[in-house]
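Below is one structure, written out as structure tokens, with a few remarks after it.
The values are calculated or read from the model by the stated rules, or taken from the named source; none is laboratory data. Just so you know, these numbers come straight off a predicted model, no measurement behind them. FYI the Cβ positions are ideal-geometry reconstructions off the backbone, even for glycines, and counts take in every protein chain you see. Each accessible area value is taken on the protein alone, full model and side chains, heavy atoms only, with ligands, DNA and RNA left out. Shrake-Rupley method; radii C 1.70, N 1.55, O 1.52, S 1.80 Å.
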Amino acid sequence: MRNIFIIARREVEAYFVSPIAYVVIAAYLVVMGLIFALIVAGQPGAEASLRFVFGNAFSALILIIIGPLLTMRLLAEEQRTGTIELLLTAPVRDWEVVIGKYLASCTVFLAMLAPTAVYPLLIERYGNPDRALFFSTYLGLILLGAAILSLGLLTSAVTQNQIIAAFLGLGLTLLMTFTEFLASVVGAPLSDVLSYLGLFNHFFDFLRGVVDTRDIVYYLSVIIGALFLTTQVLAARRWR
Amino acid sequence: MVIRLRQVAPHLAGTGLVLLLLALAAHILGSDPRWLPEALLGVGAVLIISYGLLRPREVAAALTGRRAIYGGNALLMSIAFLGILVIVNFLAARYHKRFDLTENKRYTLSQQTIQVLNSLQEPVKVTGFFTPDDLRRSDVEDLLKEYAYRSDKFTYEFVDPEQRPGEARRLGVTSYGVLVFQRGEKRQETFGMDEEDLTSALLKVSRDEQRVIYFTTGHKERDPQSFQPLDYGNIGQVLGRDNYDVKSLNLATITTTIPSDAAVIVVASPQIPFAPEEVDRLDQWLSQGGRLLLLADPPVPGAEDPMAAFSGMLAKWGVRLRSDVAIDPVSSFFGDAASPLITRFPFSSITKDLGGLTTFFPVARTMELTDPPPEGVTLTRLLETTQDSWGETNLTSQQARYDPDADVRGPLVLAAMIESQEKKSRLVVFGDADFVSNNILSSVRGAFGNADLFRNSINWLAEEEALIAISPKPPEVRTMQPLTPAQRNLIFYGSVIFLPLLVLALGGAVWWQRR
């Protein structure tokens with residue numbers, strides 16, 4: 001536990017001393033602010049919720065892009081500079097390294113979402129929202145984001161090159177997103193599986209205020225599965 | 001030769017792997033010719049095996065070396081772990097729980113709906129015809145999604161009728177904002193978008209026996225089988241498409257009682273008066289929970305009013321037909337003052353989804369509803385003319401003119417729905433029969449709501465009690481208040497510029513300090 005905390009803290013500090021985290025967060029806020037202003041304040045009688053703010057294609061795309069950007073460095077960089085050997089031979093377990101790094105990226109992601117809490121405050125001030133929806137919307141966003149980050153971490157473990165890691169992460173996330181479109185092409189039993197695998201299929205209920213246990217189980221499975229595979233990839237360095 | 005082959009062996013193996021992937025893809029996409037996946041699989045396998053034959057030492061090393069042991073171990077662990085995740089997800093998908101966090105439980109379906117969904121034996125498919133900018137679409141999709149979650153026999157799809165007009169034509173859809181329920185050959189459409197409407201349509205389409213609508217005959221009534229201009233062949237077909245069995249019934253020939261399968265009896269503008277015994281039979285049936293639709297045209301000048309035979313029966317339900325013609329110079333069909341046009345409907349189960357539609361009634365009579373209504377009876381006005389209308393009683397004159405002594409001023413009632421909760425009786429009375437005759441329906445097509453009004457009336461009359469219990473949820477107003485330009489600017493600049501700048505400033509401050 002202590003090891004995880006130390007690794008996570010070191011990574012969070014690394015994120016926030018460099019300007020990259022701030023630039024990424026600011027860019028995210030510009031795009032989301034634009035979407036928010038256009039959708040909620042831009043048309044008279046708009047729905048007083050965040051449903052169409054976070055539930056449109058632009059918001060999805062920017063999450064898919066930012067996720068791998070946040071994780072690409074985490075393991076790829078250490079492999080390139082060779083410091084991963086130090087880390088792996090230190091008295092910490094592989095999975096502690098993986099979880100520590102993962103928690104660091106989740107912290108940055110939360111820091112990215114935190115300023116958007118201004119939106120519900122504005123809706124509350126100028127509208128008549130159902131507050132429970134804000135809760136479920138953010139629950140869904142956090143789960144979705146955490147899943148995307150875990151996929152990004154996995155791809156960061158398989159290569160030494162940050163850029164390649166980012167693109168692999170983007171590809172993997174897109175693949176997990178497009179399975180739901182593939183589902184409409186193929187036949188019955190396979191289409192059910194493919195649409196279940198769809199990363200965003202499990203997100204939309206949260207936006208409406210419906211929390212389903214299977215959506216939560218799905219996201220947790222993606223996260224745990226990706227982190228497990230990441231650990232296996234790191235462990236493979238010992239015998240490769 | 002062999003040495004040459006050994007050099008290209010890795011390429012052979014790579015090609016083999018690609019072929020295996022292609023075989024998988026061909027299998028998934030359902031290839032034609034059918035043997036293609038098998039052929040690719042075979043050739044791929046041969047290529048990979050040939051690698052093993054050409055380089056036996058490498059293969060042996062890979063299978064027995066240290067790497068192989070560790071790698072195999074890791075592979076096995078990974079497969080086992082992912083397998084567990086798959087099983088967990090499979091179970092979680094089957095035994096899941098949904099929590100509806102919305103304040104008025106918008107997405108919680110009623111017990112009745114869940115029962116209907118659980119009892120589905122065959123798949124039901126719903127097709128919604130909406131233009132993309134139709135605001136009702138997302139609301140109804142929310143609801144359909146809940147239905148689909150509850151039953152794997154329930155599926156839905158949305159079609160843009162402007163993009164795919166062929167699909168709309170195939171399903172006989174003529175207007176936008178309609179849901180078509182299909183089970184095999186059966187179809188049922190609904191314009192209502194509440195849970196009550198959806199479940200009712202679902203129940204109707206999933207039922208095998210057809211409900212029978214009887215049209216009385218023998219008094220020169222409008223005939224639902226005939227396509228003469230004044231008859232009801234068109235509307236008869238509409239009812240058939242709504243899964244009703246339309247039949248004729250001669251009250252004079254039946255010996256004892258009205259057939260037990262009668263869901264609704266329609267009396268469509270008789271020209272010859274009913275015999276007192278016939279009216280008695282209808283009256284008795286109605287008071288014992290029957291469902292009756294009465295369409296009454298104004299009397300022909302100089303002739304006896306054929307509707308007079310019903311006056312005693314109608315009086316018991318609080319309705320009195322006037323001997324007049326509704327005249328509305330302000331709101332009428334292309335300036336024909338004797339064809340009042342009605343665009344606003346009082347709220348009722350029959351008219352609630354007619355908003356935005358126009359209906360008109362060529363030469364209609366008006367009616368009076370007793371106030372207070374008879375004991376145990378609910379009277380609802382379905383159609384009302386405007387304030388500027390009147391009921392013209394001088395039916396022989398060429399020129400309609402308001403006569404304060406004889407004529408009644410608007411608003412006048414053109415149609416009413418009457419219900420006795422206790423006896424389950426339902427009655428709908430129209431002061432007009434022409435509004436759904438063949439000539440009117442074929443001349444105006446889908447532009448007017450006349451056919452929908454008739455249909456909704458029949459559906460309400462034929463409704464089963466079980467479904468009425470689903471009370472519609474109060475509409476939820478969760479919107480933004482109208483914003484002033486200043487407020488809009490505050491939101492815009494605040495969220496697009498101020499907030500990101502704040503974050504950048506924070507980053508700048510951290511960077512400065514470290515420097």
| request: Scan segment B:212-242 for residues that are in contact (Cβ under 8 Å) with a residue 12 or more places away in the chain, in contact with a strand residue (DSSP E or B) (Cβ under 8 Å, 6 or more places away or on another chain) and surrounded by fewer than 19 Cβ atoms within 10 Å (Cβ to Cβ) and report the count. | output: 4
| said: Given the options A:90, A:117, name the one that is closer than 21 Å to residue A:39 by Cα and open to solvent by 30 Å² or more (accessible area, probe 1.4 Å). | reply: A:117
| query | Which is touching a strand residue (DSSP E or B) at 6+ places or on another chain (Cβ under 6 Å), aliphatic (A, V, I, L, M) and within 14 Å of chain B (Cβ to nearest Cβ), of A:48, A:37? | reply | A:48
| task | Check off (1) touching a residue at least 24 places away in the same chain (Cβ under 8 Å); (2) within 33 Å of the chain's Cα centre (by Cα) for residue B:355 and give me the number that stays unchecked. | result | (1)
| Answer from B:388, B:371 - the residue that is in contact with a Pro (Cβ under 7 Å, 6 or more places away or on another chain) and open to solvent by 50 Å² or more (accessible area, probe 1.4 Å) | B:388
| task | Please name all residue pairs, on different chains or six or more residues apart, with Cβ atoms under 8 Å, provided the first residue is in segment A:222-240 and is within 7 Å of chain B (Cβ to nearest Cβ) and the second residue is open to solvent by 40 Å² or more (accessible area, probe 1.4 Å) and of a type in the set (Phe, Trp, Tyr). | result | A:225/B:81; A:228/B:81; A:236/B:70; A:239/B:70
| task | Go through the residues of segment A:136-146 one by one and say whether even a single one is aliphatic (A, V, I, L, M), at pLDDT below 95 and in contact with a helix residue (DSSP H, G or I) (Cβ under 7 Å, 6 or more places away or on another chain). | result | no
| Residue match in segment A:187-207 (condition: closer than 25 Å to residue A:136 by Cα, assigned to a loop (DSSP other than H, G, I, E, B) and more than 19 Å from the chain's Cα centre (by Cα)) | no
| request: Grab the helices (runs of 4 or more DSSP H) fully contained in segment B:457-515, keeping just those with 1 or more residues being modelled with pLDDT under 80, in contact with a helix residue (DSSP H, G or I) (Cβ under 7 Å, 6 or more places away or on another chain) and at the interface with chain A (Cβ under 9 Å from one of its Cβ atoms). | output: none
| request: Being surrounded by 21 or more Cβ atoms within 10 Å (Cβ to Cβ) and assigned to a loop (DSSP other than H, G, I, E, B) is the filter here, so list the residues in segment B:327-344 that pass it. | output: B:328
| query | Are any of the residues in segment B:74-86 part of a loop (DSSP other than H, G, I, E, B), over 30 Å from residue B:185 (Cβ atoms) and within 10 Å of chain A (Cβ to nearest Cβ)? | reply | no
| message | Going by what's in this entry, would residue B:116 be described as touching a Leu at 6+ places or on another chain (Cβ under 6 Å) and over 30 Å from residue A:131 (Cβ atoms)? | response | yes
| task | Within segment A:216-226, identify whether any single residue is more than 28 Å from residue B:24 (Cα to Cα), hydrophobic (A, V, I, L, M, F, W, C) and open to solvent by less than 10 Å² (accessible area, probe 1.4 Å), and answer yes or no. | result | no
| segment B:87-108, subset buried (at least 16 other Cβ atoms within 10 Å of the Cβ) and among the basic types (Lys, Arg), residue farthest from the other protein chains (Cβ to nearest Cβ) | B:106
| task | Assess whether residue B:162 counts as being of a type in the set (Asp, Glu) and crowded, with 16+ Cβ neighbours inside 10 Å. | result | no
| request: Output yes when any residue across segment A:195-211 is open to solvent by 60 Å² or more (accessible area, probe 1.4 Å) and facing another protein chain (nearest Cβ under 10 Å), and no when none is. | output: yes
| said: Which of the numbered conditions does residue B:33 fail, given that it passes all the others? Conditions: (1) part of a loop (DSSP other than H, G, I, E, B); (2) without any contact (Cβ under 8 Å) to a residue 24 or more places away in the chain; (3) within 19 Å of residue A:214 (Cβ to Cβ). | reply: (3)
| note | So the strands (runs of 3 or more DSSP E) completely within segment B:87-163 holding 1 or more residues that are under 20 Å from residue B:180 (Cα atoms) are B:124-129, B:154-159
| task | Keeping to segment B:179-197, report how many residues are closer than 16 Å to residue B:244 by Cβ, among the acidic types (Asp, Glu) and not in a loop (DSSP other than H, G, I, E, B). | result | 1
| task | Take segment B:141-153 and flag every residue that is touching a residue at least 40 places away in the same chain (Cβ under 8 Å) and buried (at least 18 other Cβ atoms within 10 Å of the Cβ). | result | B:143, B:144, B:147, B:149
| note | The strands (runs of 3 or more DSSP E) lying entirely within segment B:198-269 that contain at least 1 residues which are among the basic types (Lys, Arg) are B:211-216, B:244-249
| Selection from segment B:245-281 of residues that are open to solvent by less than 10 Å² (accessible area, probe 1.4 Å) and at pLDDT below 85 | B:251
| So which of B:203, B:198 ends up being open to solvent by less than 40 Å² (accessible area, probe 1.4 Å) and on the phi < 0 side of the Ramachandran plot? | B:198
| task | Enumerate the helices (runs of 4 or more DSSP H) found wholly within segment A:64-153, keeping only those where 1 or more residues are more than 22 Å from residue A:229 (Cβ to Cβ), away from chain B (no Cβ under 12 Å) and more than 24 Å from the chain's Cα centre (by Cα). | result | A:83-89
| request: Determine whether segment A:232-239 contains at least one residue that is among the β-branched types (Val, Ile, Thr), open to solvent by less than 30 Å² (accessible area, probe 1.4 Å) and within 23 Å of residue A:104 (Cα to Cα). | output: no
| message | Just checking, does segment A:176-191 include any residue being closer than 24 Å to residue A:94 by Cα and surrounded by 17 or more Cβ atoms within 10 Å (Cβ to Cβ)? | response | no
| message | Suppose we filter segment B:367-416 for residues that are more than 20 Å from residue B:354 (Cα to Cα), small (Gly, Ala, Ser) and within 36 Å of the chain's Cα centre (by Cα); how many remain? | response | 3
| request: Would you confirm whether any residue within segment B:380-398 is assigned to a loop (DSSP other than H, G, I, E, B) and free of Cβ contacts under 8 Å to residues at least 12 places away in the same chain? | output: yes
